[in-house]
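Participant: Attaching a single structure in structure tokens format; questions to follow.
The values are calculated or read from the model by the stated rules, or taken from the named source; none is laboratory data. Small disclaimer: the values here were computed from a predicted structure and weren't measured. Because the Cβ atoms are built from the backbone with ideal geometry, glycine has one as well, and the counts that use them run over all protein chains shown. Quick note on the areas: whole protein, heavy atoms, side chains included, nothing else; ligands and nucleic acids left out. Shrake-Rupley method; radii C 1.70, N 1.55, O 1.52, S 1.80 Å.
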Amino acid sequence: MSKVAVIGSGPAGLMAAHVLATRGFAVTLFEKKQTLGAKLLIAGSSGLNVTHKVTEDASLEEFVAFYRGPRGHFQKILKDFSPQDWLKFIKSLGIETFLGTSRRYFVDGMKAAPLLRSWLNHLKELGVEILTRHECVDFEALQENPSRVRLSFQNGISQEFSAALFALGGGSYENHEIPLRWPGLFTRKGVAFIPFEASNVGFEVEWTQAFKTEAEGKPLKNVTLTSSKGKVTGDLMVTQYGLEGTPIYQVGEVGEVFLDLKPDLTFTSALARLVKSRENLSPMRRIKKFMKLSPAAYALLFHHAPKEIQNDLEALVKCVKKFPLHLEAKRPLAEAISSAGGVSFDELDETLMLRKYPGIYAAGEMLNWDAPTGGFLIQACVSQGHWVGTAMSERARPVLGH
Ligand SMILES: Cc1cc2nc3c(=O)[nH]c(=O)nc-3n(C[C@H](O)[C@H](O)[C@H](O)COP(=O)(O)OP(=O)(O)OC[C@H]3O[C@@H](n4cnc5c(N)ncnc54)[C@H](O)[C@@H]3O)c2cc1C
């Protein structure tokens, strides 16, 4: 039986292992950590969002538009293994999913552990050999026989396979006291690597102490963030250092951005609502009583709007509709949900095989693409895993018996 290797136990590696094992290959899955699927488990800690329903009848093109990377590649992999295919696969593992109000699909119970457990059991039933504490530290495509590749591990073991997939993950949320070693390995092997950069990450804002005391840990509910990158509505979380949340992940940038704290009212309708009452109230109290801002949004206005406009109702409403905010800096890679950068697509052929190392493939977040949160990240990882698993099986098949 033809032996193939998958290195990395994230969604990309697990999906490729499934395809290869289903097609009759002897698969060994290597993972450097003691724990399998560690980042998937982390992702589940805040509610595991597996894919997205862009609109009721969204086309493939609309889905692809969410990705930064080679468009044609995303068209192919998402056609080959679509969000519906992924949801069906999850169901086949005995895990139910549901569509949330934000059009994100979540697993029932929100946690990743049941999905991961069931996926690993399924792979074991298919005969996949799983080896933890195996960090791959070198690879080569054998000159004497182009259909073989050799992998070396930190524990001194060296093994040959018909083909191998690297699915080593991105640079986010790692312990940077122990730097990731594989980018250095790939660079030494002449494979172009674009340095990782934090993506889907919070930003720093210089909050006053008084604002933090009142608003830290509270959401700015349903606000619209506008920057030169675009406009996104959603909830933002006030943190001790700044802001987190989908709008900031998608259009946050260092410099001035604007918040609409009441996007469902126009300036005119908001003002009309406020002047209607004849009660003798100060402009701020009027806003508090009739505008129904979330407590954090009201605190933002109270503590961060210029003091000189606090008695000017019209100026305050303008501020509610276009609150200027200075984003000081991105939070570090170690806190980011994902990373941009990685192995350059120029190094890969259409099947995601390394041009310089025939028989060796790469997939998942380790490649230079990016997407917003909302399930798009895991979806691309599993679609790439499926795509590569299929390509590997087609290439390695002729060497059965080696
Ligand atoms: C807090 C947080 C929340 C998230 N929430 C979501 C979400 O809800 N929805 C979503 O779509 N995405 C989410 N993500 C992103 C998602 O988890 C990742 O995009 C996804 O896990 C990447 O999958 P992957 O298979 O490419 O790599 P990974 O899941 O990172 O797996 C790579 C594996 O390779 C192993 N490895 C690395 N180097 C070696 C080596 N040399 N030898 C052997 N093994 C090695 C690593 O230890 C790791 O286990 C979240 C991420 C974070 C940090």
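Participant: Among the GluC sites (Glu not before Pro) in the range 84-176, which ones are in a DSSP loop with at most 12 other Cβ atoms within 10 Å of the Cβ? Mind listing them? Intermediate results must be reported in sequence, preceding the final value.
Facilitator: On the way: sites: GLU96, GLU125, GLU129, GLU135, GLU140, GLU144, GLU160, GLU174; in loops: GLU96, GLU135, GLU144, GLU174.
Qualifying residues, ordered by number: GLU96, GLU144.
Participant: Rounded to the nearest 500 deg cm²/dmol, what is the calculated helix-only ellipticity per residue at 222 nm for the chain, with -39500 (n - 2.57) per DSSP H run of length n ≥ 4?
Facilitator: Details: 14 runs with 135 residues, N = 402.
After summing the helix terms and dividing by residue count, I get -9500 deg cm²/dmol.
Participant: Next question. Subtract the Cα-Cα distance of THR213 and ARG355 from 0.36 nm times their separation in residues, and report this length gain in nm to one decimal. Don't skip to the end; give the middle numbers.
Facilitator: On the way: separation 142, 0.36 × 142 = 51.12 nm, distance 5.51 nm.
Net length gain for the segment: 45.6 nm.
Participant: Compute the relative contact order of the range 203-330 as a whole-number percentage, counting only Cα pairs closer than 8 Å that sit 6 or more residues apart in sequence. Intermediate results must be reported in sequence, preceding the final value.
Facilitator: Working: 236 pairs, mean separation 43.1, N = 128.
Relative CO of the range 203-330 lands at 34 percent.
Participant: Considering only DSSP beta bridges where both residues belong to the chain, give the percentage that are antiparallel (nearest 5).
Facilitator: Details: 44 of 60 bridges.
Expressed as a percentage, antiparallel bridges in the chain total about 75.
Participant: So, in nm, how far is label ALA329 from label GLU129 when the simple model puts each one 7 Å beyond its Cα toward the Cβ?
Facilitator: 4.8 nm
Participant: Go through LYS32/LYS229; LYS79/LYS322; LYS111/LYS330; LYS276/LYS322; LYS88/LYS292; LYS221/LYS307 and tell me which ones have a Cα-Cα distance over 32 Å in this structure.
Facilitator: Values: LYS32/LYS229 38 Å; LYS79/LYS322 41 Å; LYS111/LYS330 28 Å; LYS276/LYS322 22 Å; LYS88/LYS292 42 Å; LYS221/LYS307 24 Å.
Violating the 32 Å Cα-Cα cut-off are LYS32/LYS229; LYS79/LYS322; LYS88/LYS292.
Participant: Still on this model: Could you tell me the calculated FRET efficiency between GLU279 and SER102, based on Cβ-Cβ distance and R0 = 30 angstrom, to the nearest 0.05? Intermediate results must be reported in sequence, preceding the final value.
Facilitator: Details: r = 37 Å, r/R0 = 1.23.
E between GLU279 and SER102, to the nearest 0.05, is 0.20.
Participant: Relative contact order for the chain using alpha-carbon pairs under 8 Å, separation at least 6, rounded to a whole percent?
Facilitator: Details: 848 pairs, mean separation 101.9, N = 402.
Here the relative contact order equals 25 percent.
Participant: Hey, another quick one. Rounded to the nearest 10 Å², what accessible area does LYS88 have for a 1.4 Å probe in the complete protein model?
Facilitator: The value for LYS88 is about 140 Å².
Participant: Of the listed peptides 262-274, 41-53, what is their order by residue-averaged count of other C-beta atoms within 10 Å, with the highest listed first? Kindly include the intermediate steps, with their values, before the conclusion.
Facilitator: Values: 262-274: 15.2, 41-53: 19.5.
Sorting 262-274, 41-53 by mean packing, highest first, produces 41-53, 262-274.
Participant: Quick one, what does Rg over Rh come out to for the range 203-330 if you take C-alpha atoms and the Kirkwood Rh? Intermediate values should be presented prior to the final figure.
Facilitator: On the way: Rg = 14.1 Å, Rh = 14.7 Å.
We get a ratio of 0.96 for the range 203-330.
Participant: Cβ under 9 Å from LYS33's Cβ, LYS33 left aside: what net charge do those residues give with Lys, Arg +1 and Asp, Glu -1? Please report the intermediate quantities before stating the final value.
Facilitator: Values: positive: LYS32, ARG133; negative: GLU31, GLU135.
Here the charged neighbours net out to 0.
Participant: Now, a different point. Give me the distance in nm between label points sitting 7 Å out from Cα along the Cα-to-Cβ direction at LYS292 and GLN143, one decimal.
Facilitator: The modelled label-to-label distance comes out at 7.4 nm.
Participant: How far is helix 295-304 tilted, in degrees, relative to the longest principal axis of the Cα atoms in the chain, given as a value from 0 to 90 rounded to the nearest 10?
Facilitator: So the helix axis and the longest Cα principal axis differ by about 70 degrees.
Participant: Would you calculate the separation in nanometres between label points at THR22 and GLN154, each defined as 7 Å from the Cα along the Cα-to-beta-carbon direction?
Facilitator: 3.3 nm
Participant: I'd like the carbon and sulfur percentage of the solvent accessible area for the chain, probe radius 1.4 Å, heavy atoms only, ligands and nucleic acids excluded.
Facilitator: 53 percent
Participant: While we're here: Out of the range 332-367, which GluC sites (Glu not before Pro) are coil in DSSP terms and have no more than 12 other C-beta atoms within 10 Å? Working shown, then result.
Facilitator: Details: sites: GLU335, GLU347, GLU350, GLU365; in loops: GLU350.
Answer in residue order: GLU350.
Participant: So what is the accessible area of the chain per residue, in Å², with the probe set to 1.4 Å?
Facilitator: Working: 17930 Å² over 402 residues.
The answer is 45 Å² per residue.
Participant: At what distance in angstrom do the alpha carbon centres of the range 31-49 and the range 253-277 lie from each other?
Facilitator: The distance from the Cα centre of the range 31-49 to that of the range 253-277 comes to 40 Å.
Participant: Hey, could you grab the Kirkwood Rh for the chain? Inverse mean 1/r over distinct alpha carbon pairs, Å, one decimal.
Facilitator: On the way: mean 1/r = 0.0433 Å⁻¹.
Computed over Cα pairs of the chain, the Kirkwood hydrodynamic radius comes out at 23.1 Å.
Participant: Compare the peptides 5-11, 377-383, 56-62 by average per-residue count of other Cβ atoms within 10 angstrom and give them in order, highest first. Don't jump to the answer; show the numbers that get you there.
Facilitator: Working: 5-11: 29.6, 377-383: 27.4, 56-62: 10.6.
Descending mean neighbour count gives 5-11, 377-383, 56-62.
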